[in-house]
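Participant: I'd like to ask you about the structure that follows.
Every number in this text was worked out from the coordinates using simple rules, so none of it is lab data. As the structure is a computational prediction, the values presented were derived from the model and not from experiment. Cβ: placed from backbone, ideal geometry, glycine included. Neighbour counts: every protein chain shown.
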Amino acid sequence: MIIYNVTIKVDNTAAEAWVEWMKNEHIADVLATGLFVDARLSRLLEQDDSEGITYIAQYFADTIEQYQEYIENHAIAMREKGFKAFGGKFAAFRTVMEVL
């Protein structure tokens, strides 16, 4: 199992709308590619939220090839939707993990 982990710091003024967008649109769009079998959205606790709230979106793929196909064929368009909706109101970094 592969976990595509995206950590996102969202400006406090956009956080509520961003969470709704993630829950109602973005995660569904990512899952609709058929390359991930599940997804989870979490809030990072015990953080200084004065400059924004930190969230973690995790997408679960059966194989590294499915993850790579997502990156090659879908990631740019998905990221552009986020920038179009929320512009400079968030910053994200991505990691990939393998469940042992």
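Each row is one residue, and each column tells you yes or no for (1) over 11 Å from the mean Cα position of the chain (by Cα); (2) not aliphatic (A, V, I, L, M).
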| residue | (1), (2) |
| --- | --- |
| Met1 | yes, no |
| Thr7 | no, yes |
| Val10 | yes, no |
| Glu20 | yes, yes |
| His26 | no, yes |
| Ala32 | yes, no |
| Leu35 | yes, no |
| Leu45 | yes, no |
| Ala61 | yes, no |
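Participant: Please list, ordered by first then second residue, the pairs with beta carbon atoms under 7 Å, 6 or more apart or interchain, first in segment 46-66 and touching a residue at least 40 places away in the same chain (Cβ under 8 Å), second surrounded by 18 or more Cβ atoms within 10 Å (Cβ to Cβ) and part of a loop (DSSP other than H, G, I, E, B).
Facilitator: That search, which allows pairs on different chains as well, returns Tyr59/Phe36; Phe60/Phe36; Ala61/Leu35; Ala61/Phe36; Gln66/Leu35.
Participant: Further question on the same structure: Would it be correct to say that Phe86 is surrounded by 14 or more Cβ atoms within 10 Å (Cβ to Cβ), touching an Asp or Glu at 6+ places or on another chain (Cβ under 7 Å) and touching a residue at least 40 places away in the same chain (Cβ under 8 Å)?
Facilitator: no
Participant: Can you tell me which of Glu80, Glu72, Glu46, Glu98 is touching a strand residue (DSSP E or B) at 6+ places or on another chain (Cβ under 8 Å) and surrounded by fewer than 11 Cβ atoms within 10 Å (Cβ to Cβ)?
Facilitator: Glu98
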